[in-house]
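Accompanying notes for the structure given below.
Just so you know, all these numbers are worked out from the coordinates, no wet-lab data involved. Everything quoted here is computed from the prediction, not taken from an experiment. Note that each Cβ is placed from the backbone with ideal geometry, even for glycine, and that neighbours are counted across all protein chains shown.
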Amino acid sequence: MSTEAQDGTLTVTDNRTGQTYEFAITDGTIRATELRNIRVSDDDFGLMTYDPAFMNTASCRSAITYLDGDNGVLRYRGYPIEQLAEKSTFLEVAWLLIHGELPTAAELTQFTKDIADRMSVDPSVEAAVKAYRKDAHPMGVLEAGFGQLSTLYPEAKEIESDPERMDALYNTIAKMPTIGGVAFRHNQGKDSVAPDPSLDYSTNILKMFFGADYEPDPRLVRALDILLILHADHEQNCSTSTVRSVGSSQVDPYSAVAAGIAALYGPLHGGANEAVLVMLREIGSKENVPEFVEKVKNREALLMGFGHRVYKNYDPRATIIKKACDDVFEVTGVNPLLEIAVELESVALNDEFFIQRKLYPNVDFYSGLIYEALGIPSEMFTVMFAIGRAPGWVAQWLEMINDKEQKISRPRQVYVGPDERDYVDVGSR
Ligand SMILES: CC(C)(COP(=O)(O)OP(=O)(O)OC[C@H]1O[C@@H](n2cnc3c(N)ncnc32)[C@H](O)[C@@H]1OP(=O)(O)O)[C@@H](O)C(=O)NCCC(=O)NCCS
């Protein structure tokens, strides 16, 4: 978090010219565009920073999520994730992320109703899903579903005006699980189950997945709600910065979210919990864990669910999720894969390779096990992540649209290709 003590100035001497420059430091940052004043000649473009993968570049000012990776701290709008996971609900957290404050009782009642009323989808969405092959990956279907929502709600192009944009943001949270449920049931050759506006959000999810007759144990519903809270936002991660970047073109929010879903699909991001399950199945039994860990150390495999770009101490979400995992297994009985996971964690946490590189279990290491215990197949894990992340995507989108400093997103490059050369006819090559 920035403090005034971090503010001041930076004096830089360009050893190419001997010139000295002074830059203001605000919130522990300097303005990258000011570096352009550093030039060796009048026609010089000016100095740039080179930062592949944005390892040290802040792209926005944000008041949504605070994350201190070294100390394992995560807060939404100032509230510690531990307190929200213990006391709040997913929809309350969604409101908090979008509106900045916890809702009053009346606001929460209205918001819960607004979301419940928006959960159903146009029949054309189910028709489109039915046109997919039975083995269509639900993340591809979800991504396309949001493209389709953009065609169904053309008024969402009014990105500067309420209520149009609030409709789109609430629709995103409400319809994400419904489209996910339609895709899930299509994979199983079943018709979809319509959402029931009288049910809470997480119960609705489980019923849309498993059938109207399914009566989930309240402890499972609560575990799911906690998982969704843990995934609700994570500041400028790959999919969120994708939503912001695509949204900066002023496309409607459904399309920006479709791009976020695509980013989340990747195995290094939301696909990791699915990859964890694949890995645990491949390991097969507790006895094979040391051999697998050796493979990881020899760079023949990655320990999926370990490591994080920003958490270099521990992932606070992993601690909460481990507890939720215990609660779920109390209801469902222990999953044999859990035994392998526990052994893997204990071997890795005591091994120099992982200690030196500060590799700890991340949120995905256990979330897949919970989903599996709930009866959700691994292809659906990333969809569950998308359902959880929807409030973060839309809150960050709204903040970006309201931020007068933001323009269309457009990084610079360092060109390293050939100098100008003449075209050669195909016959002469
Ligand atoms: C999350 C992740 C992409 C972060 O990557 P990153 O910040 O770029 O970290 P780096 O790749 O620079 O890793 C630093 C070192 O740890 C190693 N490392 C990182 N994650 C590792 C993992 N899961 N298994 C084995 N080694 C790992 C790297 O090889 C590197 O070693 P080196 O310095 O000897 O070359 C990465 O840790 C990863 O691929 N994890 C597995 C996928 C996963 O769980 N993703 C979910 C994230 S919530």
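Odds and ends about this structure:
- Among Ser124, Ser41, Ser59, the residue with the largest mean-square fluctuation in a Gaussian network model of the chain, with springs joining Cα atoms closer than 10 Å, is Ser41.
- Rounded to the nearest whole angstrom, the semi-axes of the ellipsoid equivalent to the range 1-58, taken from the Cα gyration tensor as √(5λ), stand at 23, 16, 8, largest first.
- Rounded if a/c under 1.5, otherwise prolate or oblate - the range 48-138, Cα gyration tensor axes: oblate
- Centre-to-centre, using Cα atoms only, the range 184-244 and the range 317-367 are separated by 23 Å.
- Sorting Asp200, Asp27 from the fewest to the most surrounding beta carbons within 10 angstrom yields Asp27, Asp200.
- Rg/Rh (Cα only; Kirkwood hydrodynamic radius) as it applies to the chain: 1.01
- A Förster distance of 22 Å, applied to the separation of the beta-carbon atoms of Val331 and Glu215, puts the FRET efficiency at 0.95.
- Relative to the longest principal axis of the Cα atoms of the chain, the long axis of helix 363-374 makes an angle of roughly 20 degrees.
- Rounded to the nearest 10 degrees, the inclination of helix 336-349 to the longest alpha-carbon principal axis of the chain is 30 degrees.
- 10 Å Cβ shell holding at most 10 others, DSSP loop, chymotrypsin sites (Phe, Trp or Tyr not before Pro): longest site-free stretch of the chain: 51-414
- For Ile25, distant residues with modelled amide H under 5 Å away: Gly8, Thr9, Leu10
- Loop GluC sites (Glu not before Pro), the range 93-133, which have at most 15 other Cβ atoms in a 10 Å radius of their Cβ (DSSP): Glu101
- Loop-located trypsin sites (Lys or Arg not before Pro) in the range 389-428 (DSSP state other than H, G, I, E, B) with a sparse environment of at most 15 neighbouring Cβ atoms within 10 Å: Lys404, Lys407, Arg412, Arg421.
- Sparse-neighbourhood loop sites, GluC sites (Glu not before Pro) in the range 250-342 - DSSP loop, at most 13 other Cβ within 10 angstrom: Glu300
- Full-stretch length increase - Thr17, Asp419 - with 0.36 nm per residue and alpha-carbon distance subtracted: 142.1 nm
- Going from the residue with the fewest nearby Cβ atoms within 10 Å to the one with the most, His269, His186 rank His269, His186.
- Anisotropy class of the range 144-251 from Cα gyration tensor, a/c 1.5 cut: prolate
- Helix axis angle, 90-99 relative to the chain longest principal axis, alpha carbon, degrees: 30 degrees
- DSSP finds beta bridges in the chain, and of those with both partners inside it, around 100 percent are antiparallel.
- The ranking of Ile408, Ile226, Ile401 from fewest to most other beta carbons within 10 Å of each one's beta carbon is Ile408, Ile401, Ile226.
- Counting only lysines at least 8 places from Lys322 when in the same chain, those with an alpha carbon closer than 22 Å to its own are Lys87, Lys286, Lys312, Lys358.
- Partners for Lys404 among aspartates and glutamates (Cα-Cα distance below 15 Å; same-chain residues under 8 apart left out): Glu160
- Most fluctuating residue given options Ala390, Ala32, Ala262, as computed from a GNM of the chain linking Cα atoms under 10 Å: Ala32
- ³J(HN,Hα) computed for each position of the range 208-213 - Karplus, 6.51 cos²θ - 1.76 cosθ + 1.60, integer Hz, glycine/proline x: 5, 7, 9, x, 4, 7
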